[in-house]
Amino acid sequence: MESVEHRYAENQGVKLHYAAMGEGSLVVMLHGFPDFWYTWRNQMPTLAAGGYRVAALDLRGYNLSDKPKGVESYAMPLLVGDVAAVVKAEGRDKAVIVGHDWGAAIAWQVAMHLPQMTERLVILNVPHPRGLSRELAANGQQTENSEYARKFQQPGAYKALTAEGLAFWVQGEDARAKYVEAFRKSDLEAMLNYYQANYPRPPYEALESTPPIECPVLVMHGMKDKYLLAAGHAGTWDWVDGELTMVMFPEADHFLQHDEPERVTRTLVDWLATTRP
């Protein structure tokens, strides 16, 4: 990762850090909670070597990006605007958008509301908003497993978080140290503002309509994810007008790109090659 360039974009006064490498068609990569741009370290070099320009964002509130105060600063339209700002900072009109966890939730919305900017869409471990809302409303297991999100929505919940505790899932001493350092630079309250501003609240109701996804879509999911159940992906084909590819990883958990780095990279690269415009 020595060849990574550290660059910045700006959206309405919020400065956004991203790590970039390679030349070619633009791929914007979005991490989730709790994470930062380094989550894509196993995918970035291969993409860059394959003729892509990769830009991995630190979401607002995280690591080297700005940390605006207030729940309203983390509303989804602003998060979508952050992605657009990175695309524009790279001098492009469109990009492949890749997201995991909250990054995937944002990526779905980018594809819906900025279709002209979304060349292709890659989703890791987050159902389409209609699928997730349906499962929260009708699947008792998903409702039960989302208890963590309801706790995160409680006032002052961030006070129970620590940088060390948030890095519990990271494998490898060196990598975990990098994560602790990044989380110490982050705003713990901002991390939970994503849940305050955007995660559905009870009583849960299924969404009845959303703008169709017009571009090709790749969905990858770790079947052992207890936070976001794979059942939420059922029906995705009804909400995607473009070509849809779904790949399930039976032994992977929530952090799919870490649990199956080689297979995720290979799946991503092969899919990009076969769907290239």
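The values are calculated or read from the model by the stated rules, or taken from the named source; none is laboratory data. Quick caveat, the model's predicted, so the values are computed rather than measured. Counting neighbours? That spans all protein chains shown, and the Cβs are built from the backbone with ideal geometry, glycine included. Surface areas here come from the heavy atoms of the whole protein model, side chains and all, with no ligands, DNA or RNA. Shrake-Rupley method; radii C 1.70, N 1.55, O 1.52, S 1.80 Å.
In the stretch 115-130, of all residues being in a helix (DSSP H, G or I) and under 18 Å from Thr275 (Cβ atoms), the one that is least open to solvent (accessible area, probe 1.4 Å) corresponds to Met117. When Gly156, Gly91 are checked against the criterion of being small (Gly, Ala, Ser) and either open to solvent by less than 40 Å² (accessible area, probe 1.4 Å) or closer than 25 Å to Ala230 by Cβ (or both), a single residue qualifies: Gly156. With respect to the conditions (1) open to solvent by less than 30 Å² (accessible area, probe 1.4 Å); (2) within 21 Å of Glu135 (Cβ to Cβ), Val170 falls short on a single one, namely (2).
The set of residues in the stretch 186-224 that are in a loop (DSSP other than H, G, I, E, B) and either within 30 Å of Arg276 (Cα to Cα) or among the hydroxyl-bearing types (Ser, Thr, Tyr) (or both) comprises Ser186, Tyr199, Tyr204, Ser209, Thr210, Pro211, Pro212, Glu214, Cys215, Pro216, Met223. Answer yes or no: is there a residue in the stretch 47-62 that is farther than 24 Å from Asn125 by Cβ and part of a strand (DSSP E or B). Looking through the stretch 47-62, at least one residue is farther than 24 Å from Asn125 by Cβ and part of a strand (DSSP E or B).
Quick one: which of Arg53, Arg120 is touching an Asp or Glu at 6+ places or on another chain (Cβ under 6 Å), charged (D, E, K, R) and more than 22 Å from Thr162 (Cα to Cα)? Criteria check complete, one pass: Arg53.
From the list Ala230, Ala206, Ala234, which residue is over 20 Å from the mean Cα position of the chain (by Cα), among the small types (Gly, Ala, Ser) and open to solvent by 10 Å² or more (accessible area, probe 1.4 Å)? Answer to the check: Ala206.
Contact annotation: residue pairs with Cβ atoms under 9 Å, 6 or more positions apart or on different chains, pairing a residue in the stretch 258-271 that is over 15 Å from Gly222 (Cα atoms) and of a type in the set (Lys, Arg) with a partner that is at pLDDT 95 or above and part of a helix (DSSP H, G or I), are Arg266/Thr46.
Restricting attention to the stretch 236-277, the residues that are part of a helix (DSSP H, G or I) and among the charged types (D, E, K, R) add up to 6. Residues that are closer than 22 Å to Ala190 by Cα and open to solvent by 10 Å² or more (accessible area, probe 1.4 Å) within the stretch 94-114 comprise Asp101, Trp102, Ala105, Gln109, listed in sequence order.
The residue list Tyr179, Tyr195 contains one member that is open to solvent by less than 10 Å² (accessible area, probe 1.4 Å), under 28 Å from His113 (Cα atoms) and aromatic (Phe, Trp, Tyr), which is Tyr195.
Flag not set for Ala56, criterion: buried (at least 23 other Cβ atoms within 10 Å of the Cβ), touching a residue at least 60 places away in the same chain (Cβ under 8 Å) and small (Gly, Ala, Ser).
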